[in-house]
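Comments concern the structure below.
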Amino acid sequence: MADLTVNISGIKMRNPVMLASGVFGLTGESLLRAAKGGAGALVTKSIGREPREGHPNPTIIEFKYGSMLNSMGLPNPGIKAYSREMKFIVQYDIPVIGSIFGKNGREFATLAKHMEKYGVSAVELNLSCPHAHGLGMQLGTDKRKVAKITKSVKDAVSVPVFVKLTPNVTDIVEIAKAAESAGADGIVAINTVKGMAIDVELGLPMLGNKVGGLSGPAIKPVGVRAVYDISRNVKIPVIGVGGIFYGKDAVEYFMAGASAVQIATAINSRGIDVFKKITNEINDFMDAHGYSKIEDMVGISWKGRS
């Protein structure tokens with residue numbers, strides 16, 4: 001049996017298959033379900049300074065073959081109320097990464113301090129949500145803002161800082177390099193791809209917010225390309241996200257340069273134990289192809305196989 005353990009910036013995980021930030025990470029109980037479902041680490045729902053209701057319904061559209069378009073609008077209870085969920089989940093033996101969003105470096109730093117106090121193993125900066133005005137992607141498309149926010153958080157906390165990037169940019173590599181230069185401990189790529197759908201009978205957008213983020217199998221080639229480009233140009237770990245439904249999808253990300261992967265949309269199709277299923281599929285692939293550990297696969301599409 002292959003060794004599936006990984007160490008990402010000092011965070012030791014039993015396997016490289018993580019829960020991605022999303023609706024499923026809103027409560028401590030749902031995070032625990034993902035842990036019991038086999039996840040190697042858990043990323044919380046993105047949490048802001050104050051409670052936020054999000055966008056009006058409809059907020060999710062499901063397409064064929066597992067892809068989804070969502071425009072939740074970052075609903076959350078606020079960082080102080082979220083302490084109850086964190087107190088519940090951090091007592092378990094699994095790394096928890098606190099996802100946060102804010103309007104500027106000062107807000108991000110304050111939120112990161114709270115997450116560190118709650119006991120997270122790392123924080124993830126949401127600089128990539130494509131459907132929240134003045135937040136997420138609207139900050140993450142400017143390399144100067146990315147660097148400034150990253151540095152503000154690094155100066156405020158001692159836990160590792162991961163920066164989650166948007167694919168909706170001209171050059172994702174320059175954004176990743178800006179985060180690295182500001183001290184980021186890892187890059188998470190990618191968040192959802194900006195998109196929309198129109199009801200042809202009504203002639204109107206189908207989402208309440210009109211625009212949303214596309215996830216699932218349809219965006220996997222975009223994510224793989226982003227990880228491939230980023231990993232060749234930074235020295236910090238890259239975590240791949242986007243369209244991972246099966247073990248071979250994860251392997252593709254590893255070979256592109258990812259050291260771990262995150263999963264969310266696949267939960268809807270394969271159940272909460274999708275993490276265990278994908279981990280087993282990765283193990284089967286590694287045994288069949290002679291890989292003894294995850295590191296043996298990372299970046300071989302551009303490093304070459306030794």
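The values are calculated or read from the model by the stated rules, or taken from the named source; none is laboratory data. Keep in mind the model is a prediction, meaning the values are calculated, not measured. In this analysis, Cβ positions are derived from the backbone assuming ideal geometry, glycine residues included, and neighbour counts consider all displayed protein chains.
Condition check: of a type outside the set (S, T, N, Q), buried (at least 18 other Cβ atoms within 10 Å of the Cβ) and under 24 Å from S30 (Cβ atoms). Does V159 satisfy that?
yes
For region 241-248, indicate whether the set of residues that are under 14 Å from the mean Cα position of the chain (by Cα) and under 12 Å from I187 (Cα atoms) is non-empty.
In the first step, residues of region 241-248 are kept if they are under 14 Å from the mean Cα position of the chain (by Cα); the result is 241-244.
From what's left, under 12 Å from I187 (Cα atoms): 241.
So far as region 241-248 goes, yes, one or more of its residues are under 14 Å from the mean Cα position of the chain (by Cα) and under 12 Å from I187 (Cα atoms).
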Quick one: K154 ticks every box in (1) surrounded by fewer than 22 Cβ atoms within 10 Å (Cβ to Cβ); (2) out of contact with any helix residue (DSSP H, G or I) (no Cβ under 8 Å at 6 or more places or on another chain); (3) assigned to a loop (DSSP other than H, G, I, E, B) bar one, so which box is it? (3)
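Just to verify a result, which residue in region 100-132, among those that are part of a loop (DSSP other than H, G, I, E, B) and either touching a Cys at 6+ places or on another chain (Cβ under 6 Å) or among the small types (G, A, S) (or both), is nearest to P160 (Cα to Cα)?
Filtering region 100-132 for residues part of a loop (DSSP other than H, G, I, E, B) gives 101-104, 119-121, 127-132.
Next, only the ones that are either touching a Cys at 6+ places or on another chain (Cβ under 6 Å) or among the small types (G, A, S) (or both) stay: 102, 119, 121, 128, 132.
On the way: G102: 18, G119: 12, S121: 7, S128: 19, A132: 25 Å.
Of everything passing the filter in region 100-132, S121 is nearest to P160 (Cα to Cα).
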Output the qualifying pairs, or none if there are none: Cβ atoms under 6 angstrom, residues six or more apart or on different chains, first residue in region 199-226 and under 30 Å from S259 (Cα atoms), second residue in a helix (DSSP H, G or I). G216/G66; P217/Y65; P217/G66; V224/E252; V224/A256; A226/I172
Do you know which residues across region 159-185 are assigned to a loop (DSSP other than H, G, I, E, B) and either closer than 22 Å to P217 by Cα or out of contact with any helix residue (DSSP H, G or I) (no Cβ under 7 Å at 6 or more places or on another chain) (or both)? P160, T166, P167, N168, V169, T170, D171, D185
What's the total number of residues in region 198-219 that are touching a helix residue (DSSP H, G or I) at 6+ places or on another chain (Cβ under 6 Å) and at negative phi? 1
Checked region 245-270 for anything under 17 Å from N15 (Cβ atoms) and of a type in the set (G, A, S); matches are G247, A250, A258, S259, A260, A264, A266
Flagged in region 37-67 as without any contact (Cβ under 8 Å) to a residue 60 or more places away in the chain, outside any strand (DSSP E or B) and surrounded by fewer than 23 Cβ atoms within 10 Å (Cβ to Cβ), in numbering order, are E50, P51, E53, G54, K64
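For V188, state whether it is surrounded by 19 or more Cβ atoms within 10 Å (Cβ to Cβ) and either in a loop (DSSP other than H, G, I, E, B) or within 17 Å of the chain's Cα centre (by Cα) (or both).
Judged against the criteria, V188 is a match.
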Would you be able to tell me the number of residues in region 251-275 that are in contact with a helix residue (DSSP H, G or I) (Cβ under 6 Å, 6 or more places away or on another chain), crowded, with 24+ Cβ neighbours inside 10 Å and within 15 Å of G66 (Cβ to Cβ)? 1
When region 162-177 is checked residue by residue, the ones that are modelled with pLDDT of 95 or more and either under 22 Å from N7 (Cα atoms) or surrounded by 21 or more Cβ atoms within 10 Å (Cβ to Cβ) (or both) are F162, V163, K164, L165, I172, I175, A176, K177
Restricting attention to region 36-65, report how many residues are out of contact with any Phe, Trp or Tyr (no Cβ under 6 Å at 6 or more places or on another chain), of a type outside the set (S, T, Y) and under 22 Å from I282 (Cα atoms). 5
Hits in region 6-36 (condition: assigned to a loop (DSSP other than H, G, I, E, B) and within 13 Å of I94 (Cβ to Cβ)): R14, N15
